[in-house]
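The values are calculated or read from the model by the stated rules, or taken from the named source; none is laboratory data. Just so we're clear, the structure is a prediction, and the values are computed from it rather than from any experiment. Here Cβ is always computed from backbone atoms with ideal geometry, including for glycine, and neighbour counts include all displayed protein chains. Ligands, DNA and RNA are stripped out before the accessible areas are found, and what is left, the full protein with its side chains, is counted by its heavy atoms. Shrake-Rupley method; radii C 1.70, N 1.55, O 1.52, S 1.80 Å.
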Amino acid sequence: MSQSYPFKTVEPKWQGIWERNRTFKAEFPSSKPKYYVLDMFPYPSGAGLHVGHPEGYTATDILSRYKRMCGFNVLHPMGWDAFGLPAERYAVRTGIHPAVTTEQNIRTFRGQIKRLGFSYDWDREFSTTDPDYYRWTQWIFLKLYEKGLAYEAEVPVNWCPAQGTVLANEEVQDGKYVETGDPVERRNMRQWMLRITSYAERLLSGLETLDWPESIKEMQRNWIGRSEGADVTFQIADSDRTFTVFTTRPDTLYGSTYCVFSPEHPLVRAVTLPQQRAAVEEYQAAARMRSDLERTELAKEKSGVFTGAYAINPVNESRIPIWIADYVLMSYGSGAIMAVPAHDERDWEFARTFELPIIEVVSGGNIEEAAYTGDGTLVNSGLIEGLPVPEAKAKITAWLEDKGLGKAKVQYRLRDWLFSRQRYWGEPFPLLHLEDATVVPLPEASLPLTLPELEDYRPTEQGDPPLARATEWVRTVDPGSGKPAHRELNTMPQWAGSCWYYLRFMDPQNQKEAWSAEAEKYWMPVDLYVGGAEHAVLHLLYSRFWHKVLFDCGLVHTEEPFQKLFNQGMILAYSYRDEGGKYYTEKEVEEKDGKFFVRDSNTPVEAKIEKMSKSKYNVINPDEVIDEYGADAMRLYEMFMGPLDIMKPWQMKGVEGVSRFLDRVWRLGTEVTDSALNEDQNKLLHKTIKAVTGDLDSMRFNTAIARLMEFVNALTPMSERPRPLMETLILLLSPFAPHLAEEMWEGLGHTETLAYEPWPAYDESFLKEDSVEIVVQINGKVRAKLSVGVDEEKQGIESKALGLESVQRWLGGSRIKHVVVVPKRLVNIVLEKGA
């Protein structure tokens, strides 16, 4: 038998066996309890995987293998989120159709993933770009449309002329598209929207039922942004026009000294005086170049322009100026605010910048130094003078309602979802536009509406989306009325396909429906969802929204899709750079006395832990790791680096270490006997089973591996290794290093895969200890250790502690004041002062 684990022959062998025998096929129907474990849908980019990507996949695979051995019917699928702008941009640059590059990229990803031996049910694989899949994405959109949750509206968007599409706020910085540096401008466009705001309260309350990281739930709460307050109506001075503001602090109305409109507010042009028009229009143009995130940044210097108009404060009829400023967004509330600079940080900064009045109306702060945003007693406030804030809010709101000047309201920061994109590589909308501007949904029998073939994926010279080039495809006839019609030219965003993919995995071959009711009833909800925290808001919020709509349609039986969520930490890497700024790979560098130098050179380099980047030469390709050390070593190291949810740096020396550990395990298989276990071996065995099982249940993979290493250390010196010890080691190790485990299992005479072998059970009777080690302290400092019986009396423990030779040396004849005995923990000998 080889002294080293021969991974180059063993791993391809078992990967072939698993694939031929469809070892990990999820059964349905099944009488077993189900366990649905899901990885976040990967986007198959041209770069392929680096070692950071498989971290979460390795964790879910370990749990999948463990749960199968515990008797669960495990659904562990893989597929591809393959629509999107990156593939389209690549097609424009290269002239290669995105369908071709997408398939190439998927092939690369699939090959890399299969080399790691993940136990996916590959019969369920699909891509969001498959017509058989996006047929049902279009079908779900029609459900949204039927329920009045999809609508067209003129909305302000981030428009990138060079890319010919709208961009999300997160994709824009300093007026440019962060990916390409292309200029971005704000413009109003007619877009398809989804009414996610109708589900704001349910999206908020549903978080309380989920086993998710609290940080992710808090991000969603903040994104939804529930606020209780009041709508207040303001009259424009010398006019019959009014406007409404929403405020969470109606109690501060007496302190409102000016109002602010968003630059996009529809009343700006109407109220602006002629002498102010040029300045206002210039400011509006500048605001269009900034994203919403930039405009609302607290640290940003405040800017604005006076319109020349005034509003009437409804509580005291004072005339207050109307300004426009970009820190007010048209997309939130009514696009207008009442500014109370004494009690709002942004308003205070603005008022100080433009020398506007600041009037205190809530006691408790020093408004000369900063805005006071806390509670207190109302001052300078007319009918609510002297009231505490909660009572003042209630009283002023009731007064506004009585006078017809306002009403209580709950508002959300969440905005409706802008759902259309001006690009080619996305799902076509299943909608027709008739000549009379009527919108008609396609009948279900007409789905899928497939993308037309296009050679040019750029927007037209007229600025229309790329689909406008497919003139024969665009011009059509409404199948219901026979009237001429044209198809929608926009496509859906990439989020559409990833909103519901977890449902299709349950029943991916179904040609009659998106999923069967029986499959959904059995498999849902997803028991564990693992992925990066960067998807905390958008993908997870959008999926929850779609799922709740499907629940209301009677198509799913759970209100939430993902019961437990786990975010893996990022894997970083060392980068090495010399004084001149040149980067080196890890293999080009050597360490000498704790410092780093270019190999075979005295050139010093700085070692720094950073994100993996091609430009820094620190991207680690998993194929290279597998070629040199094998898939099992890579899997084991990814989990042994540290807790799954923290960031940690990749080091090849660590892979070498776990590779040597696997070699040791491999060598242990050479001497196995059928002898019975002695008492010490039984204790070791059952202690290890219990510890590894508990760690797996808690997803503490690094400590589970450490326990297995301790187990191997205990087995190594044995001259003979009883079969129960070795078989248990193999079974416990199999979720982490499945190829080696399968080969060793076969070597012990087993003819079937171990994938469905029962998980080892521990016997508590072997875990009872007859003795326990305690510490002996003198004046609180540990001076010795002592083994005593677990049921030994205090008097006996004290006597043994005082009788220890090492304790007598420390005492040196000193007088003992008293002795404290804590059974099973410690003895503390307290000496008299001065002794």
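Here V166 meets each of (1) part of a strand (DSSP E or B); (2) at pLDDT 95 or above; (3) not small (G, A, S) with one exception, condition (2). Applying a threshold of 8 Å to beta carbon distances and a minimum spacing of six or more residues, or different chains, the list of pairs starting in the stretch 111-126 at a residue that is on the phi > 0 side of the Ramachandran plot and ending at one that is of a type outside the set (A, V, I, L, M, F, W, C) and in a loop (DSSP other than H, G, I, E, B) is empty.
Conditions (1) part of a helix (DSSP H, G or I); (2) under 20 Å from L503 (Cβ atoms); (3) of a type in the set (A, V, I, L, M, F, W, C), marked per residue:
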site: L38; (1), (2), (3): no, yes, yes
site: H50; (1), (2), (3): no, no, no
site: L63; (1), (2), (3): yes, no, yes
site: F83; (1), (2), (3): no, yes, yes
site: Y90; (1), (2), (3): yes, no, no
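Being more than 18 Å from A496 (Cα to Cα), under 28 Å from the mean Cα position of the chain (by Cα) and either free of Cβ contacts under 8 Å to residues at least 12 places away in the same chain or open to solvent by less than 40 Å² (accessible area, probe 1.4 Å) (or both) narrows it down to one residue among L400, L414, L378; which is it? Being more than 18 Å from A496 (Cα to Cα), under 28 Å from the mean Cα position of the chain (by Cα) and either free of Cβ contacts under 8 Å to residues at least 12 places away in the same chain or open to solvent by less than 40 Å² (accessible area, probe 1.4 Å) (or both) holds for just one of L400, L414, L378, which is L414. Screening the candidates G532, G594, G554 for the property of being closer than 30 Å to A519 by Cβ and without any contact (Cβ under 8 Å) to a residue 12 or more places away in the chain yields one hit, G554. Number of residues in the stretch 753-769 that are surrounded by fewer than 17 Cβ atoms within 10 Å (Cβ to Cβ) and closer than 14 Å to K687 by Cβ equals 7. Consider the stretch 730-784 and keep the residues that are of a type in the set (A, V, I, L, M, F, W, C) and out of contact with any helix residue (DSSP H, G or I) (no Cβ under 8 Å at 6 or more places or on another chain). The one that is modelled with the lowest pLDDT is V772.
Within the stretch 600-613, track down each residue that is outside any strand (DSSP E or B) and surrounded by 12 or more Cβ atoms within 10 Å (Cβ to Cβ). Result: S601, T603, K611, M612, S613. Considering A342, A371, the condition of being modelled with pLDDT of 95 or more, over 14 Å from T248 (Cα atoms) and part of a loop (DSSP other than H, G, I, E, B) is satisfied by A371 alone.
Residues of the stretch 63-89 being over 20 Å from the mean Cα position of the chain (by Cα) and under 22 Å from G111 (Cα atoms), which ones? Passing the criteria: S64, R65, L75, P86, A87. The residue that is surrounded by the fewest Cβ atoms within 10 Å (Cβ to Cβ), counting only those in the stretch 534-583 that are aliphatic (A, V, I, L, M) and over 30 Å from E610 (Cα atoms), is L555. Among the conditions (1) open to solvent by 60 Å² or more (accessible area, probe 1.4 Å); (2) in contact with a Ser or Thr (Cβ under 9 Å, 6 or more places away or on another chain), D627 misses just one, which is (2). Listed by position, the helices (runs of 4 or more DSSP H) inside the stretch 235-299 whose residues that are among the aliphatic types (A, V, I, L, M) and at pLDDT 95 or above number at least 2 are 268-271, 277-287. When K34 is tested against (1) open to solvent by less than 20 Å² (accessible area, probe 1.4 Å); (2) over 19 Å from the mean Cα position of the chain (by Cα), only condition (1) is not met. Filtered by the rule that a residue be in contact with a Lys or Arg (Cβ under 9 Å, 6 or more places away or on another chain) and of a type in the set (G, A, S), the stretch 669-723 gives G669, S675, A691, G694. Any idea which residue in the stretch 668-690 is farthest from L636 (Cα to Cα), counting only those that are touching a strand residue (DSSP E or B) at 6+ places or on another chain (Cβ under 7 Å) and assigned to a helix (DSSP H, G or I)? Within the stretch 668-690, the match that is farthest from L636 (Cα to Cα) is Q681. With respect to (1) farther than 27 Å from L550 by Cβ; (2) open to solvent by less than 40 Å² (accessible area, probe 1.4 Å); (3) of a type outside the set (D, E), the lone exception for G95 is condition (2). For the stretch 525-533, state whether one or more residues are farther than 30 Å from M652 by Cβ and open to solvent by 10 Å² or more (accessible area, probe 1.4 Å). Within the stretch 525-533 (the criterion being farther than 30 Å from M652 by Cβ and open to solvent by 10 Å² or more (accessible area, probe 1.4 Å)), the answer is yes, since at least one residue qualifies. When T491 is tested against (1) closer than 29 Å to A153 by Cα; (2) without any contact (Cβ under 8 Å) to a residue 60 or more places away in the chain; (3) within 31 Å of the chain's Cα centre (by Cα), only condition (2) is not met. Against the definition (open to solvent by 50 Å² or more (accessible area, probe 1.4 Å) and out of contact with any Lys or Arg (no Cβ under 9 Å at 6 or more places or on another chain)), how does S799 come out, yes or no? Here the answer is yes, as S799 does meet what is asked. Working only within the stretch 470-521, note down all residues that are open to solvent by 20 Å² or more (accessible area, probe 1.4 Å), of a type in the set (K, R) and within 17 Å of I140 (Cα to Cα). Answer for the stretch 470-521, where residues must be open to solvent by 20 Å² or more (accessible area, probe 1.4 Å), of a type in the set (K, R) and within 17 Å of I140 (Cα to Cα): just K512.
Take the conditions (1) among the basic types (K, R); (2) touching a strand residue (DSSP E or B) at 6+ places or on another chain (Cβ under 8 Å); (3) closer than 30 Å to L204 by Cβ; R577 misses just one of them, which is (3). Candidates are the residues of the stretch 654-675 that are open to solvent by 80 Å² or more (accessible area, probe 1.4 Å) and at pLDDT below 90; the one that is farthest from I571 (Cα to Cα) is D674. Among the residues making up the stretch 301-326, those that are in a strand (DSSP E or B) and either polar (S, T, N, Q) or open to solvent by 40 Å² or more (accessible area, probe 1.4 Å) (or both) are F306, T307, Y310, I312, R319. Evaluate the following for L329: is it closer than 20 Å to V232 by Cβ and in a loop (DSSP other than H, G, I, E, B)? Answer is yes for this residue. For the stretch 786-814, a residue qualifies if it is part of a loop (DSSP other than H, G, I, E, B) and modelled with pLDDT of 90 or more, and exactly one does: L804. Among the residues of the stretch 713-722, none qualifies, meaning not one is more than 30 Å from K824 (Cα to Cα), in contact with a Pro (Cβ under 6 Å, 6 or more places away or on another chain) and open to solvent by less than 60 Å² (accessible area, probe 1.4 Å).
Applying a threshold of 6 Å to beta carbon distances and a minimum spacing of six or more residues, or different chains, the list of pairs starting in the stretch 22-42 at a residue that is closer than 26 Å to H539 by Cα and ending at one that is of a type in the set (D, E, K, R) and open to solvent by 30 Å² or more (accessible area, probe 1.4 Å) reads Y35/K67; Y35/D527; Y36/D527. Considering P441, P452, which residue is touching a strand residue (DSSP E or B) at 6+ places or on another chain (Cβ under 8 Å) and modelled with pLDDT of 95 or more? Only one candidate passes the filter, namely P441. All told, Q220 falls short of being touching a residue at least 60 places away in the same chain (Cβ under 8 Å) and assigned to a loop (DSSP other than H, G, I, E, B).
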